[in-house]
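Here's the structure we're looking at; comments come further down.
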Amino acid sequence: MRRRDEADFTEFAAAALGRLRRTAYLMCGDWHRAEDAAQDALVRIYRRWDKLNRLDGLNTYAHKVVVSVVLDQSRRPWRREQSTAEPGELPRPDSARTVDDRQVVIGALAGIPAGQRACVVLRHYADLSIEETAQVLGISTGTVKSQTSRGLIQLRELLGERAAS
């Protein structure tokens with residue numbers, strides 16, 4: 001890789017790492033896995049850096065790669081950790097009732113299927129358009145719309161149950 005390309009990649013990686021890590025975290029709910037996923041995504045991007053069109057779609061491509069890495073991680077047998085919580089179960093509030101809202105949302109995100117979670121995270125956290133989300137996930141725009149809608153409905157139900165308890 002040429003020196004200028006190396007500098008461009010370093011600048012891109014420094015700017016994108018935090019965003020990719022947060023997106024991965026919302027996808028998997030584990031900061032360690034999110035860190036691994038973000039780094040793996042940057043390695044994959046680095047390998048293709050000289051072939052990528054950096055003028056348009058680089059951030060969309062980076063999100064596509066990090067989502068792919070997170071989904072790949074979840075399919076590996078050694079990554080299938082067993083949780084003691086029931087699927088979709090949210091953390092109980094402490095005695096002072098000071099639960100971080102972000103943790104509640106992360107818990108709720110973990111309770112919805114991966115495809116819906118990916119659509120909700122990319123659309124509402126990463127702020128990608130319907131078309132960009134479809135491109136990242138390799139699905140149609142109609143599927144993005146329906147998966148996002150179903151995911152939001154399930155999130156509302158999970159968060160409503162949480163508020164009621």
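So if each residue of separation counts as 0.36 nm, and I subtract the Cα-Cα distance between Glu6 and Arg19, what length gain in nm does that give?
Computed gain between Glu6 and Arg19 is 2.6 nm.
What does the net charge come to around Arg117 if you take all other residues with beta carbon closer than 13 Å to its beta carbon, with K and R at +1 and D and E at -1?
+2
Between Leu152 and Ser74, how high is the FRET efficiency from 1/(1 + (r/R0)^6) when r is the Cβ-Cβ distance and R₀ = 22 Å? Nearest 0.05.
Working: r = 21 Å, r/R0 = 0.97.
The pair Leu152/Ser74 has a calculated efficiency of 0.55.
To the nearest 20 debye, what is the magnitude of the charge dipole of segment 1-54 about its Cα centre, counting +1 on the Cβ of each Lys and Arg and -1 on the Cβ of each Asp and Glu?
Roughly 220 debye for segment 1-54.
Taken together, the values in this text are just the output of simple stated rules run on the coordinates, not laboratory data. The model shown is predicted, which means the values in this text are computed figures rather than measured ones. Counting neighbours? That spans all protein chains shown, and the Cβs are built from the backbone with ideal geometry, glycine included.
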